[in-house]
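Read through the structure below, which is laid out as structure tokens, and then see the notes.
The values are calculated or read from the model by the stated rules, or taken from the named source; none is laboratory data. Since the model is a prediction, treat every value here as computed from it, not as a measurement. Here the Cβ positions follow ideal geometry from the backbone for every residue, glycine too, while neighbour counts run over all protein chains shown. These area figures cover heavy atoms from the full protein model, side chains too; ligands, DNA and RNA do not enter into them. Shrake-Rupley method; radii C 1.70, N 1.55, O 1.52, S 1.80 Å.
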Amino acid sequence: MAGTGGPVFDAQRRQHMATAFLVGGDHYHKVRPGYPQESLSWLEDSSPRPVHDALDIGAGTGKYTQLLAQRQWNITAVDPSADMLAQLAADIPEATTMVGTAEKLELSAECMDLAVVAQAWHWCEPLAASTEIARVLRPGGVLGLVWNQLDVGLPWVHRLARIMHAGDVHKPDFRPAIGPEFTAAEAQETHWVQQLTPEGIMELTKSRSYYLKANEQVRDKVMNNLRWYLFEHLGHTSGEALELPYTSQTWRATKR
């Protein structure tokens, strides 16, 4: 299945931008939002059998793993960053952590019932990752692809996303690229809000790949634009409690 409507990276660009997340796990964990419970419930409902073993690929500091941990499942979390996984292990000690990628999983064949890739599929080579994930899933196993995105249907959030360079906001025709090992993907959307302050929005911006890979001049420009937009243009005050609207998009496909 060809993917459309999302960010476009060639292999070199993908690898370059993804290295932004190899360090900084503590900051990432503090500022990045979690995920709505509805996302995981929808994935679980599509499984043809009870889930016992779940795999979180590109798990980072464990934002989606926290949902998995609420179930009585065996959880394995995989990420290229040992720094990110250290944060995950501290918060979710019952999870098994492994340094690795979606394209190369050091796991035996047919050992998982559910594999989730949250906020990370755009860093993967989708066809190679599909083949490898299908290898470790049991027959009928479910692949879940999840994205948290700013709700740019609201004009003020749309402008904020542009200032933040939140370039992973999907177009309406978005479909993730998934290999032929899986059925056609279905989608679900959940609307929710993250509670934070104007300063929190600025810290959130600092956790994005665009900012992390930018030079100091570009970083200063982004922060100055945010200060103007949040405090002068929108009129918010320091420490004010804000609700930042999100759309959480979950895709699911079943191993053929």
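Quick notes on this structure:
- Put a plus charge on the Cβ of each Lys and Arg, a minus charge on the Cβ of each Asp and Glu, and nothing anywhere else: the dipole of the stretch 99-200 about its Cα centre is then about 260 debye.
- Helix 126-136 axis, angle to the chain major axis (alpha carbon atoms, nearest 10°): 40 degrees
- Kirkwood Rh in Å, taken over all unlike Cα pairs in the stretch 164-241: 15.4 Å
- Overall, the accessible surface of the chain at a probe of 1.4 angstrom is composed of carbon and sulfur to the extent of 52 percent.
- Amide H contacts under 5 Å for Gln194: Leu244, Tyr246, restricted to partners 5 or more places along the chain or on a different chain, H placed in the peptide plane at 1.01 Å from N.
- With θ taken as phi - 60° and the Karplus curve 6.51 cos²θ - 1.76 cosθ + 1.60 applied, the whole-hertz 3J(HN,Hα) list for the stretch 205-216 is 4, 5, 8, 8, 4, 4, 5, 5, 8, 7, 7, 4 Hz, x standing for glycine and proline.
- DSSP beta bridges in the chain [antiparallel fraction, %, rounded to 5]: 55 percent
- Of all DSSP beta bridges in the stretch 17-165, antiparallel share, percent nearest 5: 5 percent
- Cβ-based charge dipole, the chain, positive-most Cα from Trp228, Leu145, Thr190: Trp228
- Within straight-line reach of Lys213, meaning a Cα separation under 19 Å, sit the following lysines at least 8 residues removed in sequence or on another chain: Lys221.
- Backbone phi angles across the stretch 72-87, fed through the Karplus curve with coefficients 6.51, -1.76 and 1.60 (θ = phi - 60°), yield HN-Hα couplings of 8, 10, 7, 10, 10, 10, 10, 7, x, 9, 5, 5, 4, 5, 5, 5 Hz in residue order; Gly and Pro are listed as x.
- Taken one residue at a time, the phi angles of the stretch 34-43 give Karplus couplings (6.51, -1.76, 1.60, θ = phi - 60°) of x, 9, x, 4, 4, 4, 6, 4, 5, 5 Hz. Gly and Pro are set to x.
- Per residue value of the accessible surface for the chain (all protein chains in place, 1.4 Å probe), Å²: 46 Å²
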